[in-house]
Amino acid sequence: METQVLMRVKSILCGLPLMAVALTTAGMATACAPHRTVYDASYNDNHRWDRREEAAYARWEAEQHLRHIAYEQRVIAEQRAYWTWRHAHPDERM
């Protein structure tokens, strides 16, 4: 009986570090998840929508004197205008 209890305690203690690693890895994978991509129909390409793109989008809104709304909520004509502007304003100029 004592041997069974000791074996059970050992298996629990050995499993805890593995559980911690599994939970940590899952959390890191979520935090490092790839950013979404947005398709640009005018230029037939995809753009990674990350912090850099969000900053460019905010700059475009300011230059166009538009109130901030999410890109997805903009009408198609405004989305296309953004990508036209964006292709003319690459990151190195920002």
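Is it the case that region 59-66 has a residue that's surrounded by 15 or more Cβ atoms within 10 Å (Cβ to Cβ), in a helix (DSSP H, G or I) and among the small types (Gly, Ala, Ser)? No. Scanning region 41-58 for residues that are at pLDDT 90 or above and under 15 Å from GLU78 (Cβ atoms) turns up ALA56, TYR57, ALA58.
The values are calculated or read from the model by the stated rules, or taken from the named source; none is laboratory data. The shown structure was predicted, so the numbers you read here are calculated from the model rather than taken from an experiment. As a convention, Cβ positions derive from the backbone with ideal geometry for all residues, glycine included, and neighbour counts pool all protein chains shown.
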